[in-house]
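Asker: I'd like to ask you about the structure that follows.
The values are calculated or read from the model by the stated rules, or taken from the named source; none is laboratory data. Computed from a predicted model, the values in this text were never measured in an experiment. A quick note on method: Cβ atoms are made from the backbone with ideal geometry, for glycine too, and the neighbour counts reach across all protein chains shown. The accessibility values were calculated without ligands, DNA or RNA, using every heavy atom of the protein model including side chains. Shrake-Rupley method; radii C 1.70, N 1.55, O 1.52, S 1.80 Å.
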Amino acid sequence: QVQLVESGGGLVQAGGSLRLSCAASGNILSFYSMAWYRQAPGNQRELVARITSSGRTNYADSVKDRFTVSRDISKNTVYLQMNSLKPEDTAVYYCNKETYSGSSWGQGTQVTVSS
């Protein structure tokens, strides 16, 4: 069982930046991918960014050119660098581990962007 712990959320002014971290208790290269999702109150949980074990990335159209997903293999940690933040980015951000047999979730970290 792999634990995922998100950190780095907080309150930021529109136009500002935050970097989220997801620390995994296992080797992240053993997974199909690591991903970031977000969910605002009353909304569905939506994919924000994903990085596969081979390093391929993909992003939601709403965050392309603003967010960057990366990883530090030695630390078993995945990051989400968020720049040019907008109020509509406000949500709880979740780290997700995807394997060939299922997926697991972290507890989430709150990101609030003020206008």
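Asker: Tell me, what is the 1.4 Å probe accessible area of Ser7, in Å² to the nearest 10?
Answerer: The accessible area comes out at roughly 60 Å².
Asker: Quick one: net charge around Tyr79, please, counting Lys, Arg +1 and Asp, Glu -1 for every other residue with C-beta under 9 Å from its C-beta.
Answerer: Result for the local shell: +1.
Asker: Express the carbon and sulfur contribution to the solvent-accessible surface of the chain as a percent, rounded to the nearest whole number, probe 1.4 angstrom.
Answerer: 44 percent
Asker: Could you do me a favour and compute the accessible area per residue for the stretch 1-93, 1.4 Å probe, result in Å²?
Answerer: Result: 52 Å² per residue.
Asker: Going 7 Å from the Cα of Ser53 along its beta-carbon direction, which residues of the stretch 3-47 have the amide nitrogen within less than 17 Å of the resulting point?
Answerer: Answer for the stretch 3-47: 3, 24-35.
Asker: Cross-link candidates for Lys86: which lysines have Cα within less than 25 Å, leaving aside residues fewer than 8 places away along the same chain?
Answerer: Cross-link targets: Lys64.
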